[in-house]
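Trainee: Here it is: the structure, laid out below.
The values are calculated or read from the model by the stated rules, or taken from the named source; none is laboratory data. Predicted model only: the values in this text are computed from it and were never measured. Glycine also receives a Cβ, built like all others from the backbone with ideal geometry; neighbour counts cover every protein chain displayed. Note: areas computed on protein heavy atoms with side chains; ligands, DNA, RNA excluded. Shrake-Rupley method; radii C 1.70, N 1.55, O 1.52, S 1.80 Å.
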Amino acid sequence: MNRLLQFCALCAIFATISGCGTVTDLLTSNLPESHPGRPSIVVSLRAQEAYLYRGGYRTASSRISSGREGYRTPVGRFQVIRKDEDHRSSLYGDYVDDSGRVVKANIDTRRDSKPPHSHFVGTPMPYFLEFSPGYGLHQGYLPGVPASHGCIRMPYWKARQFYNAVRLGTPVEVKP
């Protein structure tokens, strides 16, 4: 076990020096939980960060990308109401033909009409933690600014860590 901790420490130092967020996310998301207690999530839209707490102690943090102008992420106190490891959007995605070729990309099913002989394929949203109807935390692209349709995007490793740490009913607080 001591060798594993030394290896993790060495990798963490390397990741910090190299500035590679993906390696850092991978290492820190796989460290064992050091605090018992009930989990909770706090999201700071201003800081574009999400925090995982256990028993009042911060055990993890993650960079995020929240809702952009016109698609703001709701602020307030919520609870996790659904978990879906392989969730897909029911509104945003692509129209594809029967061979899987994209006919029309980046569509909103409420605004974009379906081309003939195509069907809708929702955008993947792995490790989805829904906290308000239609809004959740999930793995997704992080451009460094608010850019989503209201959900909270996280790096893969962090989305998986948060997903595995919480249960239905876990408190989620989204702060401005």
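Trainee: Over the stretch 39-176, with every protein chain in place, what whole percent of the accessible area is carbon and sulfur at 1.4 Å, could you tell me?
Mentor: Numbers: 3550 of 7270 Å².
Answer for the stretch 39-176: carbon and sulfur cover 49 percent of the accessible area.
Trainee: Starting from the Cα of LYS158, draw a straight line to each of the lysines and keep only those under 25 Å, dropping any in the same chain fewer than 8 residues away.
Mentor: Partners within reach: LYS83, LYS175.
Trainee: Additional query: So how do 156-163, 101-108 stack up, highest first, on mean other-Cβ count within 10 Å?
Mentor: Numbers: 156-163: 22.1, 101-108: 13.1.
Top to bottom by mean Cβ count within 10 Å: 156-163, 101-108.
Trainee: At 7 Å along Cα-to-Cβ for each site, give me the label-to-label distance between ARG77 and ASN164 in nm.
Mentor: A separation of 3.0 nm, rounded to one decimal place.
Trainee: Could you work out how much longer the chain between ASP86 and SER99 gets when fully extended? Use 0.36 nm per residue separation minus the Cα distance between them, nm to one decimal. The partial results should precede the final answer.
Mentor: Working: separation 13, 0.36 × 13 = 4.68 nm, distance 2.20 nm.
Net length gain for the segment: 2.5 nm.
Trainee: Same structure again: How much length would be gained if the chain were fully extended between VAL42 and GLU173, taking 0.36 nm per residue of separation minus their Cα-Cα distance, in nm to one decimal?
Mentor: Details: separation 131, 0.36 × 131 = 47.16 nm, distance 0.48 nm.
Working it through step by step, the gained length comes to 46.7 nm.
Trainee: Any chance you could run the full-extension gain for TYR156 through ARG68? It's 0.36 nm times the residue separation minus the Cα-Cα distance, nm to one decimal. Let's see the in-between values first.
Mentor: Working: separation 88, 0.36 × 88 = 31.68 nm, distance 2.04 nm.
Once the chain is fully extended between TYR156 and ARG68, it gains 29.6 nm.
Trainee: Something else now. Near the amide H of ARG88, under 5 Å away, which other amide H atoms are found, from residues 5 or more places off or on another chain, if H is placed in the peptide plane?
Mentor: MET125
Trainee: To the nearest 20 debye, what is the magnitude of the charge dipole of the stretch 62-176 about its Cα centre, counting +1 on the Cβ of each Lys and Arg and -1 on the Cβ of each Asp and Glu? The partial results should precede the final answer.
Mentor: Numbers: 17 positive and 11 negative charges, 78 e Å.
About 380 debye.
Trainee: How large is the Kirkwood hydrodynamic radius of the stretch 74-176, in angstrom, based on all distinct alpha carbon pairs?
Mentor: Numbers: mean 1/r = 0.0680 Å⁻¹.
Radius from the Kirkwood sum: 14.7 Å.
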